[in-house]
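Asker: Got a structure for you, written out below as structure tokens; questions coming shortly.
The values are calculated or read from the model by the stated rules, or taken from the named source; none is laboratory data. If you're wondering where the values come from, they're calculated on a predicted model, not measured in any experiment. So basically every Cβ, Gly included, is an ideal-geometry build from the backbone, and we count neighbours across all protein chains shown. Quick note on the areas: whole protein, heavy atoms, side chains included, nothing else; ligands and nucleic acids left out. Shrake-Rupley method; radii C 1.70, N 1.55, O 1.52, S 1.80 Å.
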Amino acid sequence: MTRVLLTGFEPFGGERVNPSWEAVQQVAAAPPDGLTVRIARLSCVFGTALDELRAAVGATAPDLVLCVGQAGGRSGLSVERVAVNVDDAAIADNAGEAPVDRPVVAGGPVAYFAALPVKACVAAARAAGVPASVSQTAGTYLCNHVFYGLMHLIATERPALRGGFVHIPYEPGQVLGRDVPSLPVELAATGLRAVLTAAAGRTGDIALAGGALH
């Protein structure tokens, strides 16, 4: 059995729910075959979220970590390719902090690639009937903060661990009366199960066009 740690976030930005946490709970309630899934909810607070992630990794000793966050405005699952070493917050976090041009890890590398077969994960989600694509940026807010922190932890302390980050859209209740894409939480959970199965089953990636023109 592959041990998986799956994380989501608490609500932020005035929202009452965060679909990332709703989706990971559904995955844990009905995990993919061959995987044991433990979950952790991370605070939307710079620094604190990384402390909570480190504690969860230590408590669960996973083989694979997949962190999940909300990306309002996107229409499908976004499997993130690269994490960058910068916090540059467009809005304050849940503790009122809004860092500008601050490194996630002082002295750390400029960026890390995900330690997942990113394109195979995208293909698996699509095969499960869930819209998905490769994303070239996880932003510069809490999602990238956690993604970079995870990859730095892997690179410096846990080389046998594999991990990455997936963004999911708003859930429908968040966009009532607004012309903004959304995805039912149940469908997001289906996509996450497919991503986990693909990530656990292979280390090498597939040849699939996933680039971006801009």
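Asker: Can you list the HN-Hα couplings for region 176-183, worked out from phi with the Karplus curve (6.51, -1.76, 1.60; θ = phi - 60°), rounded to whole Hz and with x for Gly and Pro?
Answerer: Taking θ as phi minus 60°, the curve returns 4, x, 10, 8, 9, x, 8, 8 Hz for region 176-183.
Asker: Using only the alpha-carbon atoms, what does region 7-92 span along each of its principal axes? Please give whole angstrom values in decreasing order.
Answerer: So the extents along the principal axes, rounded to whole Å, are 40, 29, 27.
Asker: Given a Förster radius of 35 Å and the C-beta distance between Val110 and Ala209 as r, what FRET efficiency does 1/(1 + (r/R0)^6) yield to the nearest 0.05? If you can, show how the numbers build up before the last one.
Answerer: Values: r = 25 Å, r/R0 = 0.72.
Between Val110 and Ala209 the formula returns 0.85.
Asker: Roughly how many Å² is the accessible area per residue of region 1-147, as a whole number, for a 1.4 Å probe? Walk me through the numbers before you get to the answer.
Answerer: Details: 5920 Å² over 147 residues.
For region 1-147, the per-residue accessible area is 40 Å².
Asker: Net charge near Ala49: determine it from the other residues with C-beta under 12 Å of the C-beta of Ala49, scoring Lys and Arg +1 and Asp and Glu -1.
Answerer: Net local charge, Ala49 excluded: -4.
Asker: Oh, and also: Contour minus end-to-end for Arg102 and Asp33, with contour as 0.36 nm per residue of separation and end-to-end as the Cα-Cα distance? Intermediate values should be presented prior to the final figure.
Answerer: Numbers: separation 69, 0.36 × 69 = 24.84 nm, distance 4.08 nm.
Full extension of this stretch gives 20.8 nm more.
Asker: First compute the accessible area of region 53-130 with a 1.4 Å probe, then give the percent of it belonging to carbon and sulfur atoms. Please list the in-between numbers first.
Answerer: Numbers: 1760 of 3130 Å².
Carbon-and-sulfur percentage of accessible area, whole number: 56.
Asker: Which value, in nm² and rounded to one decimal, describes the direction-averaged projected area of the C-alpha convex hull of the chain?
Answerer: 11.4
Asker: Under the definition of Cα pairs under 8 Å and six or more residues apart, what whole-number percent is the relative contact order of the chain? Before the final figure, lay out each step's value.
Answerer: Values: 459 pairs, mean separation 60.7, N = 214.
Once divided by the residue count of the chain, the mean separation gives 28 percent.
Asker: Under the 0.36 nm per residue contour assumption, what length would be gained going from the current alpha-carbon distance of Asp88 and Ala127 to full extension? Intermediate values should be presented prior to the final figure.
Answerer: Details: separation 39, 0.36 × 39 = 14.04 nm, distance 3.51 nm.
10.5 nm is the gain from fully extending Asp88 to Ala127.
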